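The values are calculated or read from the model by the stated rules, or taken from the named source; none is laboratory data. Values in this document were obtained by computation on a predicted structure and should not be read as measured data. Ideal geometry is used to build each Cβ from the backbone, glycine not excepted, and the neighbour counts take in all protein chains shown. Note: areas computed on protein heavy atoms with side chains; ligands, DNA, RNA excluded. Shrake-Rupley method; radii C 1.70, N 1.55, O 1.52, S 1.80 Å.
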Amino acid sequence: MARHLITSAIPYINGIKHLGNLVGSQLPADLFARYQRGRGHEVLFLCATDEHGTPAELAAAQAGKPVAEFCAEMHETQAEIARGFRLSFDHFGRSSSPQNHRLTQAFAARLDEAGLIEERVETQIYSKADGRYLPDRYIEGTCPNCGFESARGDQCDNCTKQLDPVDLINPRSVISGSTDLEPRETKHLYLKQSGMRGQLSEWIDGKTDWPILTTSIAKKWLNDGDGLQDRGITRDLDWGIPVKKGENEWPGMEGKVFYVWFDAPIEYIACAQEWVDAGKGADWERWWRTDLGADDVRYTQFMGKDNVPFHTLSFPATIFGSGEPWKLVDYIKSFNYLNYDGGQFSTSRGRGVFMDQALEVLPADYWRWWLLSHAPESSDAEFTWENFQQSVNKDLADVLGNFVSRVTKFCRSKFGEEVPAGGAYGAREEQLIADLERRVRAYEGHMDAIEVRKAAAELRAIWVAGNEYLQDAAPWASFKSDPEAAAMQIRLALNLIRLYAVLSAPFIPDASAQLMEAMRSDDDAWPGDVAQALTTLPVGHGFSVPDVTFRKITDEEREDWQTRFAGKRSA
Ligand SMILES: [Zn+2]
């Protein structure tokens, strides 16, 4: 049994995420976690809300609530939606937790002891109109690298260069639009990442099995221009983790907090502590400390491509710099963007489908199937309602749903609600089993490699194989001339339904549970040998005809949803 530590990039607290966010991290991470559990491996699957920084403060102010209260409520909202999508986190933590406060402060102390922290007096932008320093993305201006006019203070969305607000040309406050900005001197801590460039570079170079999307972004930041830059890890804000040196005050840094991008990845570790403190687990260190049992853990991270620099460089720099035996990531699966119907999803303009709205329209499995089978892996992908309708109606309703319905209803009418006796496999059945054996092994290969689209295509092919068999064997015809053959065919097909439920569970967990219940089976063992797996339900085993597994989407619904989600989300 292998041990898999799996984390999804942690969603920011300030609002409900759209489907593009979901498919870029949490959903494929859940697919992988469910698959590895299905294979019988030990899994710790963690996610959390990312709660610090200016956007949380501003969203709270807009909602008229204290920021801590706002974050607590939004965390609960996001947790509820995650449950709705059946995201099977072992723990859904919070980066504002006391555990993360302590751990972040402890990391900072270690980095300081190692000589990797430097105090620098620097000039930051203060907005008199807003009465505050304007960090990061709350200043917009022209990118010094590419000339893009709406570059944010932390990163240019056009060329993805990480920026400092003072780098921007013609800066303005995003909050008030004011250009009455004044540079003021303030002291901050810098993590001397530049000195770790060689170590990070060597580490990345060793990751020859990583997706090119991941390593190319990392190498770009290591090597382009002046190479990896030192990084400011503190901010002049009220909301965040107070700058302390372990448990001690940090002279001169009173009233400042750690930068959200410093504490957020540390939450991956703190989240495991929260998991233990919540009484869900016994030992977090055996997942995270290589000196305390984590040396045989395989750690996989899931994220959108915009998060790659922080996970390939910043967080590893924190871990390397600490000099402590923390578990480093073994594999980073990164995703391109999902676009929406000819444009981008837009949180600010309410364009596209948001996670809460999606669940109001259809159950989670419909969305899970479409999103995963169209995951933006090798390039950006696009959601269109036509494609969604087609995919749901064809793959889920016509192929899988129809198979289940035909087999169970035919059996009930001719043999009753139990697995029928009689008959023996012929060439057609041997052929099907050989085909399935090959396809199931291919499916495993794609799932192990986290090739999400390929895995979905193989699973669909496995469903199609059953349909084609049924069409070809035609038990409704053979029943008249050779009822024993029809009984054998239906016995095989009923077992196929259980096999489908087991194989499909990582993609469509609710439908799988429904099919297992209909087949009255709790044997969800992964099929080692397909022929054997297809004898799990013995002759005489009772079943029931399930309700419609997947319904079709009508043209009218599709048009209605197209209009509803075109923009300006209603409150
Ligand atoms: Zn740029």
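Descriptive notes on the structure:
- Against the conditions (1) part of a strand (DSSP E or B); (2) in contact (Cβ under 8 Å) with a residue 60 or more places away in the chain; (3) within 11 Å of the chain's Cα centre (by Cα), HIS4 satisfies every one except (3).
- Test: residue in segment 23-37 that is more than 15 Å from the chain's Cα centre (by Cα) and farther than 29 Å from ILE450 by Cβ: no
- Meets criteria (out of contact with any Cys (no Cβ under 9 Å at 6 or more places or on another chain), crowded, with 23+ Cβ neighbours inside 10 Å and within 17 Å of THR7 (Cβ to Cβ)) for LEU44: yes
- Residue check, GLU80 among the charged types (D, E, K, R) and either under 22 Å from ASP365 (Cα atoms) or touching a Gly at 6+ places or on another chain (Cβ under 6 Å) (or both): yes
- Count - residues of segment 1-41 that are of a type outside the set (D, E, K, R), touching an Asp or Glu at 6+ places or on another chain (Cβ under 8 Å) and open to solvent by 10 Å² or more (accessible area, probe 1.4 Å): 8
- Sole exception among (1) open to solvent by less than 50 Å² (accessible area, probe 1.4 Å); (2) more than 10 Å from the ligand (Cβ to nearest atom) for GLU119, by number: (1)
- Boolean, ARG441 is open to solvent by 30 Å² or more (accessible area, probe 1.4 Å) and closer than 30 Å to ARG298 by Cβ: yes
- The C-beta contact set for segment 184-201 (first residue in contact (Cβ under 8 Å) with a residue 12 or more places away in the chain, second residue of a type in the set (Gly, Ala, Ser), distance under 6 angstrom, 6+ apart or interchain) comprises LYS187/GLY252; HIS188/GLY232; TYR190/GLY232; GLN193/ALA317; MET196/ALA317; ARG197/GLY227.
- Residue count for segment 122-173, restricted to those that are within 12 Å of the ligand (Cβ to nearest atom), surrounded by 18 or more Cβ atoms within 10 Å (Cβ to Cβ) and of a type in the set (Val, Ile, Thr): 0
This table checks each residue for (1) at pLDDT below 95; (2) hydrophobic (A, V, I, L, M, F, W, C); (3) not in a loop (DSSP other than H, G, I, E, B).
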{"site": "LEU436", "(1), (2), (3)": "no, yes, yes"}
{"site": "ASN467", "(1), (2), (3)": "no, no, yes"}
{"site": "ALA493", "(1), (2), (3)": "no, yes, yes"}
{"site": "VAL502", "(1), (2), (3)": "no, yes, yes"}
{"site": "PHE507", "(1), (2), (3)": "no, yes, no"}
{"site": "ASP510", "(1), (2), (3)": "no, no, yes"}
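- Verdict on ASP330 being open to solvent by 10 Å² or more (accessible area, probe 1.4 Å) and without any contact (Cβ under 8 Å) to a residue 60 or more places away in the chain: yes
- Exactly one residue out of SER176, SER194 is more than 16 Å from the ligand (Cβ to nearest atom), open to solvent by 30 Å² or more (accessible area, probe 1.4 Å), assigned to a loop (DSSP other than H, G, I, E, B) and polar (S, T, N, Q), and it is SER176.
- Among residues of segment 530-559 that are closer than 25 Å to GLU429 by Cα, none has a Cβ under 6 angstrom from a residue that is polar (S, T, N, Q) and modelled with pLDDT under 95 at a sequence gap of 6+ or on a separate chain.
- Matching residues, segment 269-297, being in contact (Cβ under 8 Å) with a residue 40 or more places away in the chain, part of a helix (DSSP H, G or I) and open to solvent by 10 Å² or more (accessible area, probe 1.4 Å): GLN273, GLU274, TRP275, ASP277, ASP296
- Criterion applied to LEU359, LEU371 was being within 26 Å of THR214 (Cβ to Cβ), within 21 Å of the chain's Cα centre (by Cα) and hydrophobic (A, V, I, L, M, F, W, C), and the one residue passing it is LEU371.
- Under the condition of being under 20 Å from PRO527 (Cβ atoms) and of a type in the set (A, V, I, L, M, F, W, C), the residues counted in segment 466-501 number 10.
- Hey, GLN389 in contact with a Lys or Arg (Cβ under 7 Å, 6 or more places away or on another chain), at pLDDT 95 or above and in a helix (DSSP H, G or I) or not: yes
- Single residue of segment 197-215 satisfying the filter (hydroxyl-bearing (Ser, Thr, Tyr) and within 20 Å of the chain's Cα centre (by Cα)) that is surrounded by the fewest Cβ atoms within 10 Å (Cβ to Cβ): THR215
- GLU382 being in a strand (DSSP E or B) and surrounded by fewer than 18 Cβ atoms within 10 Å (Cβ to Cβ): yes
- Residue that is modelled with the lowest pLDDT [pool: residues in segment 517-571 that are buried (at least 18 other Cβ atoms within 10 Å of the Cβ) and of a type in the set (Phe, Trp, Tyr)]: PHE565
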